[in-house]
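These notes concern the structure reproduced below.
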Amino acid sequence: MTGLPNRTLFNDRLEQALLLSARENHSGIIAFIDLDNFKEINDTYGHAAGDELIKIIAGRLTLCVRGSDTVARMNGDEFLIIFQKVAGDEHVTTLAQQLLNTISKPVVLQGAQITPLASIGLCYFPEHGNSVDELLRCADNAMYKVKHEGRNSFHLVGSNKQTADKDIEGDF
């Protein structure tokens, strides 16, 4: 539906990213993105509108990452991104805020304007895991931390950086 890699291709790309990270001695980031209140959109506007929103978000995410990064759709309203070669917490915070800004641009569905919001969990590789399963679990746990603390924000594992400000603009 979105043209994005599925779980199998994502897992393969993450394994390759882990190998490259080890070989070149750099860190990367996994971002686990879950759209907030997506069920309400499906229930209010219908599944066709929900599918349209998923396609729009997939396109937005694809346009705001670098060519070396990977955006994948996991299931339903969940997306994953592999960011290769990040330069520390400040860089990751900027990336996460830009993702929130990109996702939250208004969309018209069934004649109604809605503002999609998301919860994002982030963790470093290889620092927070040496396998696909470890990293996905880490990023998923970070995303659920955001869900439990109010949504529309991000959490970076191992950092106290967490925000929902909408002031950071620009491309990655």
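The values are calculated or read from the model by the stated rules, or taken from the named source; none is laboratory data. Just so we're clear, the structure is a prediction, and the values are computed from it rather than from any experiment. For neighbour counting, all protein chains shown are included, and Cβ atoms are generated from backbone atoms with ideal geometry for every residue, glycine included. Protein only, heavy atoms only, side chains kept; ligands, DNA and RNA dropped before computing areas. Shrake-Rupley method; radii C 1.70, N 1.55, O 1.52, S 1.80 Å.
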Exercise. Hey, can you tell me all the residues within the stretch 37-73 that are charged (D, E, K, R), touching a Ser or Thr at 6+ places or on another chain (Cβ under 6 Å) and closer than 19 Å to D140 by Cα?
Key: R73
Practice problem: Only residues that are open to solvent by 10 Å² or more (accessible area, probe 1.4 Å), more than 18 Å from L19 (Cβ to Cβ) and touching an Asp or Glu at 6+ places or on another chain (Cβ under 7 Å): list them for the stretch 111-137, please. | Solution: L117
Practice problem: Filter the stretch 75-89 down to residues that are outside any loop (DSSP other than H, G, I, E, B), in contact (Cβ under 8 Å) with a residue 60 or more places away in the chain and open to solvent by 20 Å² or more (accessible area, probe 1.4 Å), then give me how many there are. | Solution: 1
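Which of the residues spanning the stretch 138-153 are touching a Gly at 6+ places or on another chain (Cβ under 8 Å) and either open to solvent by less than 10 Å² (accessible area, probe 1.4 Å) or touching a residue at least 40 places away in the same chain (Cβ under 8 Å) (or both)?
Going residue by residue through the stretch 138-153, those that are touching a Gly at 6+ places or on another chain (Cβ under 8 Å) are 138-146.
Hits for the stretch 138-153 are C138, A139, D140, A142, M143, V146.
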Quiz item: Can you pull out the residues in the stretch 61-74 that are open to solvent by 20 Å² or more (accessible area, probe 1.4 Å) and among the small types (G, A, S)?
Solution: G67, S68
Quiz item: Counting only residues that are in contact with a strand residue (DSSP E or B) (Cβ under 9 Å, 6 or more places away or on another chain), of a type in the set (S, T, N, Q) and free of Cβ contacts under 8 Å to residues at least 60 places away in the same chain, how many does the stretch 92-126 have?
Solution: 2
